[in-house]
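J.: The structure under discussion is supplied below as structure tokens; questions concerning it will follow.
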Amino acid sequence: MKKIAHYCILGLAAFSVSHASAIGNALADSDAAEGNFLGCLNPLYPNMPSGSLPTKISATRMDVDSNGKILLSNNVEIPITGGLIQAVSADYDSNNKTINKIKEGNIYYLDSYFKFQSGSLNEASKNFNFVNGKSYLSERNLLIEYQSLSGDLGSSLIFKDAHLTSCLDASSGWKISAKTIAINENSKRGYIKNLSLKVRNKTLLKFPYFPFSVSTKRLSGFLEPDIGITSDGLDLYLPYFLVLSDRSDVTIAPRALKKRGVGLEANYRYLTNISSSNYFDLMFFSKDKEAKKDYFIDDARWAFKLKDSRQLQGFEGQIDWAKSSDPMVLLDLPSNLVNIASQRDHYLPQSIKVSGSIKNLHVSLARHGYQSLNPFITNGYIKKPELHLSYSSFDGPIAYFGKFHYSDFALERPNDKFIVPSDRLIAGSRAIAEIGASSKYRLGALNIEANGSVTTKKYNLETAIDSETSKSIPSFGVTASTTLRKKLQSGISLITPSLSYQKTEYKNQSLDPIFDLHVKNGNYFNSSKQDLFFGKDRIADQEYFLAKIKWQTRFKNKHRILFQITKKNELEASRVLNQMLGVTLDDDRQSGIRAEWIGLKANIFLEANYSDERNELNFANTSFRFEHQDTQFSISRKFRRQVPLLGSKNELDYGEIAIDHSLVDGYKILAGISRDLSSQKNLASYIGLGYENCCFAFKLFASDKRLSKYNYLDGSSSLRNMAAWEDMIAVENKSRINFEFELKGITGSRTQLNKFFSNTFANF
């Protein structure tokens, strides 16, 4: 801890303090402006008197000397442009508009307050000189005692032999003593010469020069260092924040990680005409000593991500592109500055898309790909290009639609040291056309919905026995439902029963390639046409009845209750699914349940899907969130079975608990844990302690992130690969301790200490 404190103290000399944590408001203001540091206005230094300011000079006694000066005494008030002077006595020269011999003066000017024993002021030029006084700068809650103060009101302030603090009692907080404190009101910047920092009356730091900001608005400058103790040793950031314009900024941070080396990270943010969530993140290490030892990698390690969206003459363009030097770099070098991927991401997206609509026609042209972050899973296919056309029209109760997809799948396999070679994949193109219609009718209280479509697939393959394959697959469905309404004294209750029938014909697709297909998990009860797959390489034959009863009540106090029971009976097992999995599954009967209660302070959620035929759970998701006064608590458990009958390798079962509690006197604590319940291994855990008052703030945050089966779900994986993955887990487990300290008003936390407790598992 002595080392941490030492680094923190040294760091105070290296940073200027303004940084916008959010791009909102056109990147104009930082979150520090909210509430004047949690409402910490010093009561000893009042704001300008409320109500309308006087417009005329007033005093208990007024005299005029031989030179025409007005001699004022007792209860003196002199209005000036932008403020007011109060004093025991003063001389006013109306010819050159100077105020001299001000005794025991108080000046309210804009958001500043000055108190002094004696002084003078030129009302025209705003030049002044004050002696033996105190000043209060309300924007950053700074109190300054001085021997002398000179400058121009609204332009510059120069304090001599001064003491600066934001604490009501500096003896129990902090105080900076200096030979000179200079503030430029136009640039909202300042500097301190011959600085001496005292905390609880003990001198901790002396430094000849220290720049700082007197504004909470976005200003360029060094930020406070980010200091961490990690599983790879001391981790030190020294970030510099640069305001490029009202619509853009960049943060550049040299980074030193003891066991790995020295690198650079950067975050560039900017606004476009349709989005504020645009950024470019970069991480670069020229050498990584641990990677050379663990993976025999002696090259530079890097990662970047670009996210951009904008309007282009009626069309919308989007870029979501990320890439890394190797699959493990983001796990080896987790960052606090850049946001390229979370621990739970399985891949980095690499897509460019342009889309737009012309009347009833929607068009999109894209390039889609990804880089796998699992070294044992290949990167697969790149769609370049992917063309999507969709058309819809309405003719009375009937809606017609047509869809066309074209994708050219290319192989793109980077020479990655971690990737295990596999058999050659088939490349080629795929075209899918779908035409259909749907209609809605109302027969009394009964709603009837019918849909029918024909999907045609055609492949043109580069390497295959059958280079061209084509087939058409019809599908039909009908749903009948009604809604029963009952008005309650406290709200309204709705009951919606429904019955659906769906049939999709069987076509043999066993020889078709699998480009971008994924089997859905057990929770697919939320749509009437329930496809078993993501993607169109396989269209499953199905014939089933689906019965559903949905009850919901909405109360006037904004509470809501939802309860739903679903029953699905397959009339015939899917031959396409059995052929793809290489198993024999009989027709199944499934039951589903969904329950939700939403209150003002608490939420309860339950969703599950159960196979009656196999007597096993397919999917479950439960969560409970509770908020009471200063406490927020949540607990959840999630389970899913990827593919039936393939064993535990295809199961995910994990639970999460998190608590966020505000203690008395400005303290706050949070903690959480995420655990893989099938392997009995922790995925992530964290605990944090923070404190904040009007004087200073600090946070101590410890986290631990681990790999597990969660990151490696692949039913086709070999035992050899699984063993290699276990070895990698031992290497890649990460722990981290971060410490941040803030002197309120003079330094400002990059992460905003009053908001840092927003950490959740989503950040992992």
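J.: Go through the residues of region 306-329 one by one and say whether even a single one is free of Cβ contacts under 8 Å to residues at least 24 places away in the same chain and of a type outside the set (Phe, Trp, Tyr). Break it down into steps so the answer makes sense when it comes.
T.: The first filter runs over region 306-329 and keeps only residues free of Cβ contacts under 8 Å to residues at least 24 places away in the same chain, leaving 313.
If we keep only those that are of a type outside the set (Phe, Trp, Tyr) too, we end up with 313.
Within region 306-329 (the criterion being free of Cβ contacts under 8 Å to residues at least 24 places away in the same chain and of a type outside the set (Phe, Trp, Tyr)), the answer is yes, since at least one residue qualifies.
J.: If I filter region 289-323 down to residues being modelled with pLDDT of 90 or more and acidic (Asp, Glu), which single residue comes out as farthest from Ala266 (Cα to Cα)?
T.: Glu316
J.: Determine whether Leu164 is in contact (Cβ under 8 Å) with a residue 40 or more places away in the chain, out of contact with any Cys (no Cβ under 8 Å at 6 or more places or on another chain) and either over 30 Å from Pro211 (Cα atoms) or part of a strand (DSSP E or B) (or both). Explain how you work it out, then say what you get.
T.: On the way: in contact (Cβ under 8 Å) with a residue 40 or more places away in the chain: yes; out of contact with any Cys (no Cβ under 8 Å at 6 or more places or on another chain): yes; either over 30 Å from Pro211 (Cα atoms) or part of a strand (DSSP E or B) (or both): yes.
So Leu164 fits the description; yes.
J.: Among the residues that make up region 233-243, is at least one of them hydrophobic (A, V, I, L, M, F, W, C), in contact with a strand residue (DSSP E or B) (Cβ under 7 Å, 6 or more places away or on another chain), farther than 25 Å from Ala303 by Cβ and at pLDDT 85 or above?
T.: Let us first name the residues in region 233-243 that are hydrophobic (A, V, I, L, M, F, W, C), namely 234, 236, 238, 241-243.
This time we only want the ones that are in contact with a strand residue (DSSP E or B) (Cβ under 7 Å, 6 or more places away or on another chain), so: 236, 238, 241-243.
From what is left, the residues that are farther than 25 Å from Ala303 by Cβ are 243.
In the following step, the residues that additionally are at pLDDT 85 or above were identified as 243.
Yes: one or more hits.
J.: Working carefully through the options Lys101, Lys115, find the one that is in a strand (DSSP E or B), under 24 Å from Asn184 (Cβ atoms) and among the basic types (Lys, Arg).
T.: Going through Lys101, Lys115 in turn, just one is in a strand (DSSP E or B), under 24 Å from Asn184 (Cβ atoms) and among the basic types (Lys, Arg): Lys115.
J.: Hey, another quick one. Please enumerate the residues belonging to region 118-149 that are touching a residue at least 60 places away in the same chain (Cβ under 8 Å) and in a strand (DSSP E or B).
T.: Applying the first criterion (touching a residue at least 60 places away in the same chain (Cβ under 8 Å)) to region 118-149 yields 134, 136-143.
If the condition is that a residue be touching a residue at least 60 places away in the same chain (Cβ under 8 Å) and in a strand (DSSP E or B), then Lys134, Tyr136, Leu137, Leu142, Leu143 are the ones that fit.
J.: Under 9 Å between Cβ atoms, at least 6 apart or on separate chains: pull out the pairs that start in region 195-213 with a residue that is part of a loop (DSSP other than H, G, I, E, B) and end on any residue that is of a type in the set (Gly, Ala, Ser).
T.: Arg200/Ser171; Arg200/Ser172; Arg200/Gly173; Asn201/Ala170; Asn201/Ser171; Asn201/Ser172
J.: Kindly state which strands (runs of 3 or more DSSP E) lie completely within region 216-319 and contain at least 3 residues that are touching a Phe, Trp or Tyr at 6+ places or on another chain (Cβ under 7 Å), assigned by TED's automatic domain parsing to the domain that holds Asn184 and surrounded by fewer than 19 Cβ atoms within 10 Å (Cβ to Cβ). Can you show your working first?
T.: Working: elements: 226-230, 233-237, 240-245, 248-257, 261-270, 278-285, 301-312.
Ranges flagged: none.
J.: Could you please find all residues in region 552-582 being within 21 Å of Thr496 (Cα to Cα) and hydrophobic (A, V, I, L, M, F, W, C)? Explain how you work it out, then say what you get.
T.: Narrowing region 552-582 to residues within 21 Å of Thr496 (Cα to Cα): 552-556, 558-569.
Hits for region 552-582 are Phe555, Ile561, Leu562, Phe563, Ile565.
J.: For region 120-140, which positions are crowded, with 22+ Cβ neighbours inside 10 Å, closer than 19 Å to Asn186 by Cα and among the aliphatic types (A, V, I, L, M)?
T.: Matches in region 120-140: Leu137 only.
J.: What are the residues in region 170-194 that are surrounded by fewer than 19 Cβ atoms within 10 Å (Cβ to Cβ), over 23 Å from Ser220 (Cβ atoms) and touching a residue at least 24 places away in the same chain (Cβ under 8 Å), if any? Don't jump to the end; show me each part of the working.
T.: As a first pass, look at region 170-194 and keep what is surrounded by fewer than 19 Cβ atoms within 10 Å (Cβ to Cβ): 171-172, 179-180, 182, 184, 186-188, 191, 193-194.
Checking which are over 23 Å from Ser220 (Cβ atoms) leaves us with 171-172, 179, 194.
Hits for region 170-194 are Ser171, Ser172.
J.: Then there's this: Test of understanding: among Ile426, Ile448, Ile465, which residue is at pLDDT 90 or above and either over 23 Å from Asp541 (Cα atoms) or part of a strand (DSSP E or B) (or both)?
T.: Working: Ile426 fails: at pLDDT 90 or above; Ile465 fails: at pLDDT 90 or above.
Ile448 is the lone residue from the list that is at pLDDT 90 or above and either over 23 Å from Asp541 (Cα atoms) or part of a strand (DSSP E or B) (or both).
J.: Which one is modelled with the lowest pLDDT, of the residues in region 572-625 that are surrounded by 15 or more Cβ atoms within 10 Å (Cβ to Cβ), of a type in the set (A, V, I, L, M, F, W, C) and farther than 27 Å from Arg560 by Cα?
T.: Leu581
J.: Looking at Phe159 and the list (1) buried (at least 16 other Cβ atoms within 10 Å of the Cβ); (2) within 25 Å of Glu740 (Cβ to Cβ), which single condition is not satisfied?
T.: Status for Phe159: all satisfied but (2).
J.: Looking at region 641-659, can you tell me whether even one residue there is modelled with pLDDT of 85 or more and either more than 25 Å from the chain's Cα centre (by Cα) or assigned by TED's automatic domain parsing to the domain that holds Leu164 (or both)? Please lay out each step first, then the result.
T.: Here is the first cut: in region 641-659, the residues modelled with pLDDT of 85 or more are 653-659.
This time we only want the ones that are either more than 25 Å from the chain's Cα centre (by Cα) or assigned by TED's automatic domain parsing to the domain that holds Leu164 (or both), so: 653.
Yes, there is a match, as at least one residue in region 641-659 is modelled with pLDDT of 85 or more and either more than 25 Å from the chain's Cα centre (by Cα) or assigned by TED's automatic domain parsing to the domain that holds Leu164 (or both).
J.: Just one of the numbered conditions (1) surrounded by fewer than 16 Cβ atoms within 10 Å (Cβ to Cβ); (2) at pLDDT below 90; (3) not β-branched (Val, Ile, Thr) is not true of Gln117; which one?
T.: Unmet for Gln117, out of (1) surrounded by fewer than 16 Cβ atoms within 10 Å (Cβ to Cβ); (2) at pLDDT below 90; (3) not β-branched (Val, Ile, Thr): (2).
The values are calculated or read from the model by the stated rules, or taken from the named source; none is laboratory data. Just so it is clear, the structure is predicted and the values come from calculations on it, not from any experiment. Methodologically, a virtual Cβ is constructed for each residue, glycine included, from the backbone with ideal geometry; neighbour enumeration extends over all protein chains shown.
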